[in-house]
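Have a look at the structure below before the remarks.
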Amino acid sequence: PPVPDRRRGGRRSRRGLLTLVVAVLIVFGAGAGVWYINSGQFTKVPPLLSKTEAQATARLKEAGLDVGSVEHAYSDTVKRGTVISTDPAAGKRIRSNDSVTLTVSDGPETVSVPDVQGRTLARARSLLTADGLAPGMVTREFSEDVPKGSVISSDPGAGSKRHAGTAIALVVSKGAPVDVPDVTGDNLDEARQELQDAGLKVTVSATEINSEYDQGQVAQQTPAGDAQAAEGDTVTLTLSKGPELVEVPNVVGATVDDATKLLEQSGFQVKENRGLLGLFGDTVKKQSVDAGEQAPKGSTITITIR
């Protein structure tokens, strides 16, 4: 029988092994290519918040990334010179060798308080808002020099540096002070003229009240007499309906103490008339206003004692 050619079998074995190795290499290469396309060419943006610009640049280089543009923004919370944010953000996928934009803090934004002295309140508020500040509390004071409605001063003052959005308090003029005349007890026309001569306006309340003054006279005023007001302020006048009338009780025959108590409870003042005959007496023999009659509340009733 023929002898087998071992060399030929060996060559076939080597060719099969070579084919297998080539196939494996092809598969491995294809997988590596797929991996590179899907993942290998990407990396992630490292966390850079609160790092200085130099630290952030070095960290990006370590990650195989470049620094793109460096932008700046004000921040009340992030220290000046450190990173506020990145674009793309930390953890986002990015192609290797691509660039990352950094935003670096300039610290809190500060603005200069504008000079609003002498400005009207509306204009002062507008200037503050335009400069990034907030109009704050308004208080009013008399001023001989600054017109009514204009700003006397601000707190903090002009030129002071403050964070944007800070509220600025304003002191606004009420104008020159005027001493309010006391017109209680005057007729309305006289009271009105006196107040207007003092540089004040007048309004009359729709409600009238009982008072010690005659009907039609001024019973009350707001502000009160001798107070201070600003020129052009309004004084409100309340007119009198006349005294409140109260029925006088009968105290004839009562003791002095009982008569006095009853009259005072009714709203009257009491005056005693003893004369020589009543020095040691204790009984009311007569009263100046007869019982049952009407008398102004607060008026005086005289009792004669015998």
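The values are calculated or read from the model by the stated rules, or taken from the named source; none is laboratory data. Every value quoted in this text rests on a predicted model; they were computed, and no experiment measured them. Note: ideal-geometry Cβ built from the backbone for every residue, glycine included; neighbour counts use all protein chains shown. Quick note on the areas: whole protein, heavy atoms, side chains included, nothing else; ligands and nucleic acids left out. Shrake-Rupley method; radii C 1.70, N 1.55, O 1.52, S 1.80 Å.
Summary of computed values
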{"item": "Residue match in the range 171-190 (condition: open to solvent by 60 Å² or more (accessible area, probe 1.4 Å), among the basic types (Lys, Arg) and out of contact with any Phe, Trp or Tyr (no Cβ under 6 Å at 6 or more places or on another chain))", "result": "no"}
{"item": "Failed criterion for Asn97 (all others in (1) polar (S, T, N, Q); (2) at pLDDT 95 or above; (3) in contact with an Asp or Glu (Cβ under 8 Å, 6 or more places away or on another chain) hold)", "result": "(2)"}
{"item": "Verdict on Arg123 being open to solvent by 70 Å² or more (accessible area, probe 1.4 Å), modelled with pLDDT under 95 and not hydrophobic (A, V, I, L, M, F, W, C)", "result": "no"}
{"item": "Positions within the range 58-92 being touching a helix residue (DSSP H, G or I) at 6+ places or on another chain (Cβ under 9 Å) and open to solvent by 90 Å² or more (accessible area, probe 1.4 Å), in sequence order", "result": "none"}
{"item": "Every residue from the range 90-115 that is outside any strand (DSSP E or B) and more than 18 Å from His163 (Cα to Cα)", "result": "Ala90, Gly91, Lys92, Ser96, Asn97, Asp98"}
{"item": "Search result, residues across the range 194-208 that are of a type outside the set (A, V, I, L, M, F, W, C) and surrounded by 14 or more Cβ atoms within 10 Å (Cβ to Cβ)", "result": "Glu194, Gly199, Lys201, Ser205, Glu208"}
{"item": "Per-region count, the range 67-89, residues small (Gly, Ala, Ser), part of a loop (DSSP other than H, G, I, E, B) and closer than 25 Å to Lys161 by Cβ", "result": "2"}
{"item": "Matching strands (runs of 3 or more DSSP E) fully within the range 250-306 where at least 3 residues are over 60 Å from the mean Cα position of the chain (by Cα) and surrounded by 17 or more Cβ atoms within 10 Å (Cβ to Cβ)", "result": "300-305"}
{"item": "Looking only at the range 133-158, and only at residues there that are open to solvent by 40 Å² or more (accessible area, probe 1.4 Å), in contact (Cβ under 8 Å) with a residue 24 or more places away in the chain and not in a loop (DSSP other than H, G, I, E, B), the one that is farthest from Gly199 (Cα to Cα)", "result": "Pro135"}
{"item": "Set Ala158, Ala164: member being in contact with an Asp or Glu (Cβ under 6 Å, 6 or more places away or on another chain), closer than 30 Å to Pro47 by Cβ and among the hydrophobic types (A, V, I, L, M, F, W, C)", "result": "Ala164"}
{"item": "Members of the range 146-204 that are among the β-branched types (Val, Ile, Thr) and farther than 30 Å from Leu239 by Cα", "result": "Val146, Val151, Ile152, Thr166, Ile168, Val171, Val172"}
{"item": "Restricting the range 159-170 to residues that are in a strand (DSSP E or B) and surrounded by 15 or more Cβ atoms within 10 Å (Cβ to Cβ), the residue that is modelled with the lowest pLDDT", "result": "Arg162"}
{"item": "Qualifying residue in the range 212-223 (condition: surrounded by 14 or more Cβ atoms within 10 Å (Cβ to Cβ), of a type in the set (A, V, I, L, M, F, W, C) and touching a Phe, Trp or Tyr at 6+ places or on another chain (Cβ under 6 Å))", "result": "yes"}
